[in-house]
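What follows draws every value from the coordinates through simple rules; no lab data is involved. It should be emphasised that the depicted structure is a prediction, and the values quoted were computed from it without experimental measurement. No Cβ is skipped: glycine too gets one built from the backbone with ideal geometry, and neighbour counts run over all protein chains shown.
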């Protein structure tokens with residue numbers, strides 16, 4: 001399990017940088033929440049934010065939270081100010097090899113999704129990357145006091161791209177594997193690709209297979225409450241349901257119950273298994 005601590009810079013009584021009708025604290029929270037949502041789409045990942053709302057936290061509180069939680073990586077998200085333009089990020093002046101390696105991986109993943117000026121990978125004696133006990137990176141995505149950068153930061157798709165670049169970088173740095181699609185359920189059982197229905201056994205009945213000459217061979221006797229997915233039907237042998245694996249159940253009134261899925265479930269199946 002990899003634990004990622006995401007710190008939306010500033011918050012509460014500390015708005016951070018302000019300019020062009022924007023406040024840094026609002027932007028960093030939007031970006032951080034989106035990064036979290038994206039990372040939660042990967043296996044064996046836990047994500048914790050230093051704040052979930054407009055909360056006042058000291059720098060010391062933030063790094064203590066990350067350290068006590070035992071994070072594997074800390075990302076502190078910020079927006080710049082001071083008359084410049086573009087994107088840059090920072091590790092500590094005495095950064096660990098791991099921090100530098102992660103910076104080298106994450107930086108280009110962010111830059112390639114944005115049309116900000118690339119201000120480069122930098123080092124600085126900043127609290128968030130100095131007092132954290134795990135590899136750490138602080139990013140500065142655009143200048144809030146620059147009208148061109150601010151115009152981009154006002155657009156939701158641009159904010160989403162900033163978050164996606166951060167998430168993609170972390171995924172690449174840590175070799176994360178995307179979660180598979182959630183199981184499509186029909187009641188308490190999974191609805192499988194190619195399934196058209198299911199049969200429930202009401203009375204003991206034979207399960208059949210065919211030999212090389214096409215003659216039926218009994219596999220075993222099925223018992224009441226046994227249930228099978230159905231993948232097809234044939235008229236042969238009085239009508240038989242294909243229950244997978246080369247096995248067949250004969251259509252016999254009173255001995256089995258056949259059910260078809262709802263149109264909604266079939267539509268979901270078509271989308272999931274396309």
Just the number, please: percent antiparallel of the DSSP beta bridges in the chain, rounded to the nearest 5. 60 percent
Taking the chain as a Gaussian network, where each spring joins two C-alpha atoms under 10 Å apart, which residue of 124, 203, 34 fluctuates the most? 203
Looks like region 46-101, by Cα gyration tensor root eigenvalues a ≥ b ≥ c and the a/c under 1.5 rounded cutoff (else prolate when a/b is bigger than b/c, oblate otherwise), is oblate
Angle in degrees between helix 97-111 and the longest Cα principal axis of the chain, rounded to the nearest 10: 80 degrees
Prolate/oblate/rounded label for region 1-53 (Cα gyration tensor, a/c 1.5): prolate
Among bridges DSSP assigns within region 1-104, what percent are antiparallel (round to 5)? 25 percent
Ratio Rg/Rh [Cα only; Rh per Kirkwood] for region 91-224: 1.38
For n ≥ 4 DSSP H runs only, could you compute -39500 (n - 2.57) per run for the chain, divide by its residues and tell me the 222 nm figure to the nearest 500? -9000 deg cm²/dmol
Can you put 69, 186, 248 in order of Cβ neighbours within 10 angstrom, beginning with the fewest? 69, 186, 248
Which percent of the Cα-Cα distances in region 185-272 go past 15 Å? 59 percent
Option label - mean projected area of the Cα convex hull in nm² computed here, alternatives (i) 20.7; (ii) 16.5; (iii) 15.8: (i)
Could you order peptides 141-151, 80-90 by the average number of other Cβ atoms within 10 Å of their residues, highest first? 141-151, 80-90
